[in-house]
Amino acid sequence: MPIGSYGTAWIQWMQDNHKEKVREMKLKGIFLTVARSVDESARDYRNLLDRQYEKANPRPETFMEIVSWERTREFYTDSAVMRESVLIPITTP
């Protein structure tokens, strides 16, 4: 099973900031499993935030408003997912 963008970001962040934990997880053979788990939970969380954002901020009608709305929604949800699900030292799947 491939690792998505959130799992890849977690891998890079862990390798840069928690080398000892990465080494331990690799020795146990769970590093990539945890990365896939992080990716899956981050995508699920992103979908939840997208639905909540759409409910609180209905999609506009005109093209330029839609473009602005999409950018704002993407920034809001992606930054929240990165802060709350990806850039944390998770060590178990």
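Using the per-residue mean of other Cβ atoms lying within 10 Å as a proxy for protection, in what order, highest first, do the peptides 20-30, 59-69, 34-44 fall?
On the way: 20-30: 12.9, 59-69: 10.8, 34-44: 18.8.
Result, highest mean Cβ count within 10 Å first: 34-44, 20-30, 59-69.
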With everything on Cα atoms, drop me the angle between helix 5-17 and the longest principal axis of the chain, reported from 0 to 90° to the nearest 10.
-> 50 degrees
Applying the Karplus parametrisation 6.51 cos²θ - 1.76 cosθ + 1.60 with θ = phi - 60° to the phi angles of the stretch 83-93, what ³J(HN,Hα) value in whole Hz is obtained for each residue in order, glycine and proline being reported as x?
-> 5, 9, 10, 9, 8, 9, x, 7, 10, 10, x
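As a test of understanding, state the convex hull volume per residue of the chain from its alpha carbons, in Å³. Could you put the intermediate results ahead of the total?
Numbers: hull volume 8.7 nm³, N = 93.
So the per-residue Cα hull volume is 94 Å³.
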Summed residue charge, Cβ within 14 Å of residue 26's Cβ, Lys/Arg positive, Asp/Glu negative = +2
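Read the figures in this text as sums done on the coordinates, not as results from a lab. Source: prediction; values computed, not measured. Please note: Cβ atoms are built from the backbone with ideal geometry, for glycine as well, and neighbour counts cover all protein chains shown.
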